[in-house]
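Here's the structure we're looking at; comments come further down.
Derivation of every value follows stated rules applied to the coordinates shown; laboratory data play no part. The structure presented is a predicted model; accordingly, all values stated were derived computationally and were not measured. When we count neighbours, we look across all protein chains shown, and the Cβ atoms used for this are built from the backbone with ideal geometry, even at glycine.
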Ligand code: ADP
Ligand code: ZN
């Protein structure tokens with residue numbers, strides 16, 4: 001059966017254990033010679049979808065690809081796995097070009113890569129018509145569509161050659177998800193609806209984080225320091241910014257190179273090549289960088305400035321972690337950057353302006369969300385994401401902070417917006433509230449207002465946080481054109497005291513870059529020392545062969561070697577990414593290094609197969625943390641036990657227990673919680689009584705009833721005790737306002 005053969009090739013030639021989602025189905029469809037349209041995110045594994053059929057079909061597979069650099073990369077990688085592949089384009093020396101053509105004519109080649117205009121040339125068509133063509137693969141198929149971001153007219157003519165190759169299977173592949181582009185591809189190529197295979201756009205291995213941009217340079221440095229010796233891209237808004245940041249990072253001793261359209265072609269090429277070959281660690285770039293980069297081991301993408309829209313953002317972060325290992329994506333977010341984008345939007349005509357504003361709003365929804373970041377992202381791509389917590393974004397890992405009553409702050413802010421005439425942005429409002437002597441404040445005479453200087457007790461950052469929450473919860477709107485804040489009807493309910501406003505205010509600066517590692521994406525424990533030795537050897541071999549290191553072995557391959565210490569060729573074959581040809585080529589060199597290392601350090605081989613099955617079986621079905629912790633508590637574990645088991649603070653445990661109650665669970669009723677309180681017995685009793693009277697939903701009324709004598713921390717403990725003792729949950733009483 002075809003799919004068995006495909007699986008064998010996957011393992012023997014490419015050295016992979018399993019197909020990724022949809023790969024198997026797609027390959028079967030191609031082998032049946034059905035038209036196939038593949039929509040898969042970057043790094044999803046599109047190439048194998050035509051490479052494996054190419055090895056099964058008896059004739060030639062033609063791959064249409066728009067970029068010379070990609071062709072070269074693919075051919076080099078295939079050659080390393082022992083696949084007879086070539087490309088034909090103008091960059092080749094004539095002799096080599098002729099040799100490649102000869103080999104095609106002699107049926108010695110399985111895959112040929114061509115640019116569309118090259119394929120469409122009469123000579124080329126004549127040559128290819130003289131051999132058996134089994135499959136035509138159109139890579140980057142969105143280039144067919146004028147709706148896509150990279151329209152190439154020659155792509156549209158490809159359909160004209162369909163009749164020339166009546167027995168070939170046609171497969172088109174793209175990472176562009178928009179339905180319009182998809183339809184356009186199908187219509188242009190005359191594919192029918194059954195041809196479509198759409199993979200999930202969720203890239204599970206990307207850790208997604210957005211933080212307020214406070215001190216961008218410090219934040220950037222702190223972030224990239226987490227990835228010593230590992231590759232990453234920093235995206236900036238402008239060429240000037242690229243040059244500046246590149247200089248500063250260089251001065252700080254980082255291995256960086258710039259990339260933008262203003263640099264001479266030669267420099268750009270050279271910098272890209274240095275990056276790809278692991279000779280330079282970091283590329284600081286504008287959006288000009290990335291097309292045609294196949295580097296699988298990019299460990300981080302930092303957005304120093306805002307991306308243009310969600311689609312570019314997703315494409316840019318998608319360049320990280322193609323190898324499936326955990327990779328980090330951090331975005332520094334500031335409202336000033338939003339103003340910059342708005343400025344550019346305002347230069348556009350009315351229609352473009354509308355479209356651009358829609359894109360900007362979608363981006364803002366993603367940036368400002370406090371739910372899982374994958375929800376707004378994937379919703380944007382028309383995908384339903386049903387998992388509540390991905391455990392791979394900042395919001396999912398954020399320890400739940402309790403909402404506090406911020407009514408008075410909100411009133412101050414809103415009334416200042418009103419008094420300044422609903423024309424100004426948050427920065428100016430905050431200046432007025434904090435009694436700034438800034439020229440703009442004086443020019444408008446705002447130092448005379450009653451709201452001038454009434455907000456000195458909060459920092460600028462805290463006020464900004466508050467204003468974001470007021471916007472997010474629709475107490476204000478922001479003028480799309482000029483950035484001025486305006487009150488909504490809802491604001492008046494707070495201003496006149498009919499409604500309260502609760503939110504979150506961090507005491508410390510909120511620029512914490514998450515260093516937490518999620519357990520969801522397997523990154524095998526490995527010996528760093530051996531990994532570094534193996535990596536050096538890889539670089540040596542790659543340089544000698546004049547190819548990027550990942551063409552020889554991926555990082556994941558080396559990591560597995562440094563985790564399982566294979567001692568024989570059979571064992572080496574079990575390692576990710578090692579097929580027959582690579583085993584023959586490099587097996588003994590790497591085995592020798594591993595042997596030597598194991599002898600010196602008295603390390604024994606570890607079984608790979610066992611550990612992978614263990615990993616798979618024990619993969620958590622992503623139970624939310626508060627449920628795990630609530631269940632643990634109810635099973636009799638003490639609070640200190642839980643603190644140790646999960647390495648979290650007491651406060652965090654209590655917050656989780658509170659969330660547990662909010663979802664309708666009860667807590668075991670004994671005195672354990674009460675014992676955590678350091679209050680004298682009579683205070684405890686009074687607090688419990690206050691909860692009885694005022695209800696457990698809000699702490700403020702309870703605190704007021706106790707004349708503020710008991711701290712909120714203590715009240716939280718007593719509240720949990722009160723709820724557990726009375727076997728209450730919070731589900732019916734309180735609807736969380738988030
Ligand atoms: P795309 O073209 O969709 O961006 P690629 O085809 O370049 O993605 O694949 C991304 C990476 O994933 C490559 O390094 C590839 O070798 C690897 N890969 C593809 N399929 C598998 C698989 N079934 N198992 C393991 N790795 C895979
Ligand atoms: Zn998430």
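What full-extension length gain, to one decimal in nm, is calculated for residue 442 and residue 405 as 0.36 nm per residue of separation minus the Cα-Cα distance?
Once the chain is fully extended between residue 442 and residue 405, it gains 10.1 nm.
Provide the percentage of antiparallel DSSP beta bridges, counting only those with both residues in the chain; round to the nearest 5.
Antiparallel: roughly 10 percent of the beta bridges in the chain.
Site pair residue 151 and residue 607 shows an inter-label distance of 5.9 nm when each label is modelled 7 Å from Cα along Cα→Cβ.
Give me the angle, in degrees from 0 to 90, between the Cα long axis of helix 608-617 and the longest principal axis of the Cα atoms of the chain, rounded to the nearest 10. The two axes meet at around 40 degrees. What angle do you read, to the nearest 10 degrees and between 0 and 90, between the alpha-carbon axis of helix 335-346 and the longest principal axis of the chain? Helix 335-346 sits roughly 60 degrees off the main axis of the chain. Take the Cα of residue 89, step 7 Å toward its Cβ, do the same at residue 489, and the gap between the two points is 5.9 nm. Directionally averaged projected area (the chain, Cα convex hull): 37.7 nm². Shape class of the stretch 625-725 from the alpha-carbon gyration tensor: prolate, with a/c at 1.5 or above and a/b greater than b/c. If R₀ is 30 angstrom, what is the calculated FRET efficiency for the pair residue 726 and residue 387, using the beta carbon separation as r and rounding to 0.05? That gives a FRET efficiency of 0.35.
Ordering 710, 283 by the number of other Cβ atoms within 10 Å of each residue's own Cβ, fewest first, gives 710, 283.
The calculated FRET efficiency for the pair residue 532 and residue 423, based on their C-beta separation and a Förster distance of 51 Å, comes to about 0.30. If r is the Cβ-Cβ distance from residue 226 to residue 711 and R0 is 30 Å, what FRET efficiency results, to the nearest 0.05? So the FRET efficiency works out to roughly 0.25. Ordering 658-665, 223-230, 571-578 by mean Cβ neighbour count within 10 Å, with the highest value first, yields 571-578, 658-665, 223-230.
Taking other C-beta atoms within 10 Å as the exposure proxy, 718, 9 rank 9, 718 from fewest upward. Remark: spin-label model distance residue 4-residue 340 equals 5.9 nm, labels positioned 7 Å along the Cα→Cβ axis.
Taken over the alpha carbons of the stretch 4-198 as equal point scatterers, the Debye sum produces base-10 log I(q)/I(0) values at 0.09, 0.11, 0.12 Å⁻¹ of -0.30, -0.45, -0.54.
Relative contact order of the stretch 528-601: what whole-number percent is it, with Cα pairs under 8 angstrom and at least 6 residues apart?
29
Which values of log₁₀ I(q)/I(0), to two decimal places, follow from the Debye formula for the stretch 528-601 at q = 0.20, 0.25, 0.28 Å⁻¹ with a uniform point scatterer at every Cα? Values returned for q = 0.20, 0.25, 0.28 Å⁻¹ are -0.78, -1.25, -1.55. Extension gain, residue 160 to residue 361: 0.36 nm times the residue separation minus the Cα-Cα distance gives 68.3 nm. Over the chain, what relative contact order in percent results from Cα pairs under 8 Å that are six or more residues apart? Relative contact order for the chain comes out at 11 percent. Fewest neighbouring Cβ atoms within 10 Å first, the residues 151, 304 line up as 151, 304.
Relative to the longest principal axis of the Cα atoms of the chain, the long axis of helix 407-419 makes an angle of roughly 80 degrees.
Going by average Cβ density within 10 Å per residue, which order do the peptides 71-81, 91-101 take, highest to lowest?
Listed from highest to lowest mean packing, they are 71-81, 91-101.
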